[in-house]
Amino acid sequence: MAPASKSEKKASVDAAAWLFNVVTSVGIIIVNKALMATYGFSFATTLTGLHFVTTTLMTSILKMLGYIQPSHLPFPELLKFVLFANFSIVGMNVSLMWNSVGFYQIAKLSMIPVSCLLEIVFDKIQYSRDTKLSICIVLLGVGVCTVTDVSVNTRGFVAAFVAVWSTSLQQYYVHFLQRKYSLSSFNLLGHTAPAQAGSLLLVGPFLDYWLTNNRVDRFAYNSGSLMFIFMSCTIAVGTNLSQFICIGRFTAVSFQVLGHMKTILVLVMGFFFFGREGLNIHVVIGMLIAVCGMIWYGNVSTKPGGKERLNHSLPTNKTENK
């Protein structure tokens, strides 16, 4: 009876973690769209830097209150993580500017096979045939939903390539560092958020000026735009934390596959907010295919042999977490 109770508790915590991530991720998309569409605040990289400032403040307060225990992350590991994470943010912003929406969506979908490759190479993970097929069905469904016009140019391809690999490496590294150094999600955020906040606030204004030809310090701030910026930063704390929780509890591949439920929800909410223009028969078919693939993946990947490590154990450093 005890094992069943333990598994039920784990399933409940897993579901809560996914729900937390979905709610905060969809919420921040809606708030950021309102901020950019209504007030014209197009400084995405600087805004992300502010997100990490808020996250740093939250982790610092929790440390002072004793809710986060002292831990250690070697500087070389921190540096690699911050490089991957910042290249991911910059790469995605530049890719969106230089590529068509269709190719940008294809690039985002390609993160799943890249994440699979990283797990196969570094973690010696083996996927069953059903797990591979379920991933392909998710890719097909989301592709049908989101990919429309597809045009490719050299600089756009390079930006997308950098974005895909840096994002995949960053998400893989979240799971890797938590396992190797026995870090909780709060611990890892406490180490990485200050470094990302500082680096993005240094680079962000210049990058945003290059992308938009507008200066963030000359933006016409008002009470409405400041309120949305505050809301975005507040929700971002939950988004950053829930991402680390989900990847830490599962893997980067599972986070990517099941995370496309957020794409489906954004499309559905767009239908309710903006009318039937955003929804047609091929989008509905794509949604149904993707949801079926996600359900299948969630089922087969948790079964014995669905996704397993082959005689490979990751060395951990628990002494440094004391």
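What number goes with the only condition from (1) open to solvent by 60 Å² or more (accessible area, probe 1.4 Å); (2) touching a Phe, Trp or Tyr at 6+ places or on another chain (Cβ under 6 Å) that Ile68 does not pass?
So the condition that Ile68 fails would be (1).
Given the conditions (1) open to solvent by less than 30 Å² (accessible area, probe 1.4 Å); (2) closer than 23 Å to Ser168 by Cβ; (3) modelled with pLDDT under 80, and given that His312 satisfies all but one, which numbered condition is not satisfied?
(1)
Mind checking which residues of segment 225-267 are free of Cβ contacts under 8 Å to residues at least 60 places away in the same chain and not hydroxyl-bearing (Ser, Thr, Tyr)?
Leu226, Met227, Phe230
Residue-wise test of (1) surrounded by 23 or more Cβ atoms within 10 Å (Cβ to Cβ); (2) touching a helix residue (DSSP H, G or I) at 6+ places or on another chain (Cβ under 9 Å); (3) not small (Gly, Ala, Ser).
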{"site": "Ala163", "(1), (2), (3)": "yes, yes, no"}
{"site": "Thr167", "(1), (2), (3)": "yes, yes, yes"}
{"site": "His175", "(1), (2), (3)": "yes, yes, yes"}
{"site": "Leu189", "(1), (2), (3)": "yes, yes, yes"}
{"site": "Gln196", "(1), (2), (3)": "yes, yes, yes"}
{"site": "Ser199", "(1), (2), (3)": "no, yes, no"}
{"site": "Val203", "(1), (2), (3)": "no, yes, yes"}
{"site": "Leu211", "(1), (2), (3)": "no, yes, yes"}
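Being of a type in the set (Phe, Trp, Tyr), farther than 17 Å from Lys262 by Cβ and either free of Cβ contacts under 8 Å to residues at least 60 places away in the same chain or open to solvent by less than 60 Å² (accessible area, probe 1.4 Å) (or both) is the filter here; which residues of segment 6-61 pass it?
Selection gives Phe41, Phe43, Phe52.
Within segment 95-119, which residues are more than 26 Å from Leu288 (Cβ to Cβ) and either at pLDDT below 90 or of a type in the set (Ser, Thr, Tyr) (or both)?
Ser95, Leu96, Met97, Trp98, Asn99
Which of (1) of a type outside the set (Asp, Glu); (2) within 20 Å of the chain's Cα centre (by Cα); (3) at pLDDT below 90 is the odd one out, the single condition Gln126 does not satisfy?
Status for Gln126: all satisfied but (2).
Which condition breaks for Val90 when tested against (1) over 25 Å from Trp210 (Cβ atoms); (2) in contact with a helix residue (DSSP H, G or I) (Cβ under 8 Å, 6 or more places away or on another chain)?
Of everything listed in (1) over 25 Å from Trp210 (Cβ atoms); (2) in contact with a helix residue (DSSP H, G or I) (Cβ under 8 Å, 6 or more places away or on another chain), Val90 misses just condition (1).
Looking at this structure, is Ala17 part of a helix (DSSP H, G or I) and within 30 Å of Ile295 (Cβ to Cβ)?
Here the answer is yes, as Ala17 does meet what is asked.
I'd like to verify a number: residues in segment 193-237 that are among the hydroxyl-bearing types (Ser, Thr, Tyr) and assigned to a loop (DSSP other than H, G, I, E, B), how many?
1
The values are calculated or read from the model by the stated rules, or taken from the named source; none is laboratory data. Just so it is clear, the structure is predicted and the values come from calculations on it, not from any experiment. All Cβ positions, even for glycine, are placed from backbone atoms using ideal geometry, and neighbour counts span all protein chains on display. Ligands, DNA and RNA are excluded from the accessible area calculation, which covers all protein heavy atoms including side chains. Shrake-Rupley method; radii C 1.70, N 1.55, O 1.52, S 1.80 Å.
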